[in-house]
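One structure below.
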Amino acid sequence: MQTQQIALVTGANQGIGLQIAKDLVAKGYTVLVGSRDLQKGETAAQSVGAGALAIQLDVTDSASIAAAAERIRSEFGRLDLLIN
């Protein structure tokens, strides 16, 4: 059973979102770094460090939202925190 809190931060590949992701990992969260461009998300997740994973997500595209939700459901079973 997963004991760490799971957070999704949209637009976390840069700026405020990236800093929020870093802060959440420092507090013990597993953080999904949401980014429209998966490669940029993966680069950002590496800079955040252990506990961060990239997830492709375009919040303006319903198919992208559905795909991200399904990945979160299948890999983690829940989402504890969403920061958009």
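The values are calculated or read from the model by the stated rules, or taken from the named source; none is laboratory data. Note that the structure is predicted; figures quoted are calculated from it, not measured. So basically every Cβ, Gly included, is an ideal-geometry build from the backbone, and we count neighbours across all protein chains shown.
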Quiz item: Taking the condition surrounded by 14 or more Cβ atoms within 10 Å (Cβ to Cβ), at pLDDT 95 or above and of a type in the set (Val, Ile, Thr), does residue 55 pass?
Solution: yes
Quiz item: Taking the range 1-23, which residues are touching a strand residue (DSSP E or B) at 6+ places or on another chain (Cβ under 7 Å) and either of a type in the set (Ser, Thr, Tyr) or farther than 20 Å from residue 64 by Cβ (or both)?
Solution: 4, 5, 10, 20
Exercise. Consider only pairs whose beta carbons are under 8 Å apart and that are at least six residues apart or on different chains; among these, list those whose first residue lies in the range 36-50 and is at positive phi and whose second residue is surrounded by 16 or more Cβ atoms within 10 Å (Cβ to Cβ) and not hydrophobic (A, V, I, L, M, F, W, C).
Key: 49/22
Quiz prompt | Matching residues in the range 43-84 - criterion: being more than 13 Å from residue 8 (Cα to Cα) and of a type in the set (A, V, I, L, M) | solution = 44, 48, 50, 63, 66, 67
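Results for (1) surrounded by fewer than 16 Cβ atoms within 10 Å (Cβ to Cβ); (2) more than 12 Å from the chain's Cα centre (by Cα); (3) part of a loop (DSSP other than H, G, I, E, B), shown as yes or no for each residue.
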| position | (1), (2), (3) |
| --- | --- |
| 13 | no, no, yes |
| 17 | no, no, no |
| 21 | no, no, no |
| 25 | no, no, no |
| 28 | yes, yes, yes |
| 47 | yes, yes, no |
| 60 | yes, yes, yes |
| 66 | yes, yes, no |
| 72 | no, no, no |
Self-check item: Top-ranked residue of the range 30-45 - restricted to ones that are in a helix (DSSP H, G or I) and small (Gly, Ala, Ser), ranked as farthest from residue 75 (Cα to Cα)
Solution: 44
Quiz prompt | Given (1) outside any helix (DSSP H, G or I); (2) surrounded by 19 or more Cβ atoms within 10 Å (Cβ to Cβ), number of the condition residue 82 does not satisfy | solution = (2)
